[in-house]
Structures are given as structure tokens and as C-alpha cells.
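Please read the structure below before turning to the comments.
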Amino acid sequence: MKFTIQVNEGPYQHQSADSAYFFAKAALEKGHEIYRIFFYHDGVNNGTRLTTPPQDDRNVVARWSELALEHGLDMVLCVAAAQRRGIVDDGEAQRNGKDATNIAPGFRISGLGQLIEGGVQSDRLVVFGD
Amino acid sequence: MAEQIKKFMYINRKAPYGTIYAWEALEVVLIGAAFEQDVSVTFMDDGVYQLVKGQDTSGIGMKNFSPTYAALGDFEITKIYVEKESLEERGLTLDDLQHLVWEDEDEDWAEKDSIRLVSRAELGEVLAGQDVLFNF
């Protein structure tokens with residue numbers, strides 16, 4: 001089955017990010033396809049490489065990056081949500097005159113159309129959030 | 001892949017200003033309108049407060065985005081479901097909500113009501129008939 005996953009909550013504050021990760025991992029292990037993982041609302045905070053959790057805790061961001069690189073996942077941060085919350089890649093830094101970037105490996109920033117397209121192209125859209 | 005039309009339902013369950021969900025959900029609905037899917041929108045639970053008319057956000061320093069709902073008809077979003085029980089539980093009636101309309105091209109642009117007041121049970125059936133549920 002082909003899935004698009006939507007993550008609506010940030011890491012650590014909310015279990016959604018963990019649940020979405022475990023769902024994605026399990027789906028891939030079972031041989032399913034993940035068309036896209038789309039991060040919205042505070043979910044975009046899953047994509048900052050500046051996250052530094054305590055050493056005895058899981059690293060939610062790094063975990064996503066590793067999964068993406070291992071499976072060639074398309075992980076998209078909503079541009080409007082990312083701008084509000086200060087998640088920046090090279091293109092955004094240039095466009096908005098910011099002096100730094102913080103996007104984590106394996107993520108890209110794009111528009112909400114990517115979420116809609118995920119709904120159109122996938123067999124299931126699975127939303128993780130409140 | 002052939003162009004396919006799916007039944008998209010956007011479910012709004014949260015009050016408009018305490019969190020950003022309502023506003024960012026509306027942004028998804030507006031962007032999604034460009035994709036020519038069969039779109040419906042639901043307001044239930046505290047989400048019914050999103051449609052209450054006469055909103056004034058001057059005291060909280062936030063943008064009042066409620067006028068945008070009146071534009072949904074222009075985006076060809078004509079099926080707006082409001083759950084009856086959610087209104088009743090909050091002491092609201094249809095009269096407390098904005099009057100949302102759309103213009104029917106096939107009937108000389110006759111103005112028609114967008115809001116469909118449905119019971120919890122009816123809404124369950126509507127949701128069961130959808131292809132994609134966006135839950136906010």
C-alpha cells in the first residue's frame with residue numbers, strides 16, 4: 001500500500017512525532033511504500049538539525065534523517081509553517097534575508113500543494129496529531 | 001497516471017485562536033481548492049466556533065481570519081458540514097454562524113447555502129463515504 005503521512009506536532013512536546021516515526025518504520029519493514037511524509041503546524045520542528053536532546057534520550061530529528069537517507073524518503077516541511085517557526089534552508093535564507101539555516105538532512109521545504117498531492121497519489125493519508 | 005478525482009474532507013475540530021490549527025487548516029483548504037478534487041469541509045466539536053459571526057480579535061492581538069470563510073464559495077467549496085450536536089452542546093444555533101453561500105453557475109448564479117446542518121450519525125455516514133480525511 002502507498003502511504004502519505006502527515007505529522008502535525010513537534011518533537012518531545014507530543015508523542016505524535018514518535019508515533020509517526022514508528023508507523024513509517026513499520027510500514028517500510030512490511031514492504032509498503034511511503035510516497036511522502038509531510039510536516040505541518042509545529043510538526044516542522046521535526047526538521048531542525050539544531051535540536052540537541054539529552055544524551056540518554058532519543059534524537060527524534062536524527063532518527064527521521066537516518067530513516068529518510070536509508071529509504072530515500074521524501075520528507076517535506078510546509079514552507080508557510082516553517083517560515084512562522086524559523087525553519088530555514090538555503091533557499092529560504094536567501095529569499096527572506098536570514099543569516100543562518102537549520103534544516104536537517106533528508107528534509108526539504110515546499111508548499112502545501114505537496115500535502116494535497118500526497119492525498120491524491122496515495123492509497124491512504126495517515127495523520128498524526130491531536 | 002490519469003487525473004483522478006477523490007473525495008477530500010477537511011475536518012475542523014478546534015476553536016479558532018487558542019491554537020493555530022484552525023488558521024493553518026484554512027490555508028490547506030484554500031491551497032487544496034486548486035487541485036480540483038471533490039472537496040467538503042466539516043466543523044465539529046470546538047471547531048464550530050470557527051464559523052461564529054461577529055468575531056473580534058482586537059483584544060488578543062491576533063489576525064481575525066474569520067472573513068476568509070465567506071470566500072470558500074468563490075473557491076468552489078460548496079459543501080460545509082456543521083455537526084448539530086456540537087452546536088447544541090455549546091449553546092449555539094445556526095443563527096450564531098456566518099451565513100455562507102455559493103453561486104450556482106448552472107442556475108444563473110443563484111445563491112445557495114453552503115452549510116449543511118447534520119446530526120452526529122449523519123456526519124458519520126458522510127465521513128465514511130470520503131476518500132481522504134484531513135483532520136485538524
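Please give the calculated 222 nm ellipticity per residue for chain B, where each DSSP H segment of at least 4 residues contributes -39500 (n - 2.57) and the sum is spread over every residue; nearest 500 deg cm²/dmol?
Using -39500 (n - 2.57) per qualifying helix, the result is -5500 deg cm²/dmol.
Provide the per-residue ³J(HN,Hα) series for region A:116-130, in order, calculated from phi with Karplus coefficients 6.51, -1.76, 1.60 and θ = phi - 60°, each as a whole number of Hz, with x at glycine and proline positions.
Calculated HN-Hα couplings, in order: 4, 4, x, x, 6, 8, 9, 6, 9, 9, 10, 9, 10, x, 6 Hz.
Name the residues whose placed amide hydrogens come within less than 5 Å of the amide hydrogen of A:Ile103, ignoring near sequence neighbours (fewer than 5 apart) on the same chain.
Here the answer is A:Arg49, A:Val88, since their amide H atoms fall under 5 Å of that of A:Ile103.
Rounding to the nearest 20 debye, state how big the charge dipole of region A:59-113 is about its Cα centre with +1 on each Lys and Arg Cβ and -1 on each Asp and Glu Cβ.
The calculated dipole for region A:59-113 is roughly 260 debye.
Got a sec? How would A:His41, A:His32 order by Cβ neighbour count within 10 Å, fewest to most?
The most exposed by this proxy come first: A:His32, A:His41.
Where does the charge balance sit around B:Leu87 when Lys and Arg score +1, Asp and Glu -1, over other residues with C-beta under 14 Å from its C-beta?
Residues near B:Leu87 contribute -3 overall.
With r defined as the distance between the Cβ atoms of B:Leu117 and B:Gln4 and R0 fixed at 30 Å, what FRET efficiency is calculated, to the nearest 0.05?
Approximately 0.45, to the nearest 0.05.
Report the local net charge at B:Glu24: Lys and Arg +1, Asp and Glu -1, summed over other residues whose C-beta lies under 12 Å from its C-beta. Present the calculation step by step, with values, prior to reporting the outcome.
On the way: positive: A:Arg84, A:Arg85, B:Lys14; negative: A:Asp42, B:Glu27.
Result for the local shell: +1.
Which whole-Hz couplings ³J(HN,Hα) result when phi for each residue of region B:107-120 is put into the Karplus expression 6.51 cos²θ - 1.76 cosθ + 1.60, θ = phi - 60°, listed in order with x for Gly and Pro?
10, 6, 6, 5, 7, 10, 5, 8, 7, 10, 7, 10, 6, 4
Given axes a ≥ b ≥ c from the Cα gyration tensor, I'd like to know whether chain A is rounded (a/c under 1.5), prolate (a/b larger than b/c) or oblate.
Here chain A falls in the oblate category.
Mind listing the phi-derived Karplus ³J(HN,Hα) values for region B:63-79, rounded to whole Hz, using 6.51, -1.76 and 1.60 with θ = phi - 60°, and x for any glycine or proline?
Values, residue by residue: 5, 7, 8, 4, x, 5, 4, 5, 8, 4, x, 5, 8, 6, 9, 10, 10 Hz.
Just rank B:Leu133, B:Leu94, fewest to most, by other beta-carbon atoms within 10 angstrom.
With the fewest neighbours first, B:Leu133, B:Leu94 line up as B:Leu94, B:Leu133.
Under 5 Å between amide H atoms, partner at least 5 residues away or on a different chain: which partners does B:Phe43 have, H built in plane at 1.01 Å?
Residues meeting the amide H criterion: B:Asn12, B:Tyr81, B:Val82, B:Glu83.
Taking GluC sites (Glu not before Pro) as candidate sites, keep only those in a DSSP loop with at most 14 other Cβ atoms within 10 Å, then name the longest stretch of chain B containing none of them.
B:77-136
Taking the Cα centre of the protein assembly as shown as the origin, how large is its charge dipole in debye, to the nearest 20, when only Lys and Arg (+1) and Asp and Glu (-1) carry charge on their Cβ atoms?
Once rounded to the nearest 20, the dipole reads 1060 debye.
Under 5 Å between amide H atoms, partner at least 5 residues away or on a different chain: which partners does B:Lys6 have, H built in plane at 1.01 Å?
B:Asp38
Filter A:Lys25/B:Lys14; B:Lys14/B:Lys84; B:Lys14/B:Lys53; A:Lys2/A:Lys25; A:Lys30/B:Lys6; B:Lys14/B:Lys63 down to the pairs with a C-alpha to C-alpha distance above 19 Å, please.
Pairs exceeding the cut-off: A:Lys25/B:Lys14; A:Lys30/B:Lys6.
How many nm separate the modelled label positions at B:Phe35 and B:Val101, each set 7 Å beyond the Cα in the direction of the Cβ?
Simple spin-label model gives 3.1 nm for this pair.
Bear in mind that the values in this text are calculations on the coordinates, not laboratory data. Just so you know, these numbers come straight off a predicted model, no measurement behind them. In this analysis, Cβ positions are derived from the backbone assuming ideal geometry, glycine residues included, and neighbour counts consider all displayed protein chains.
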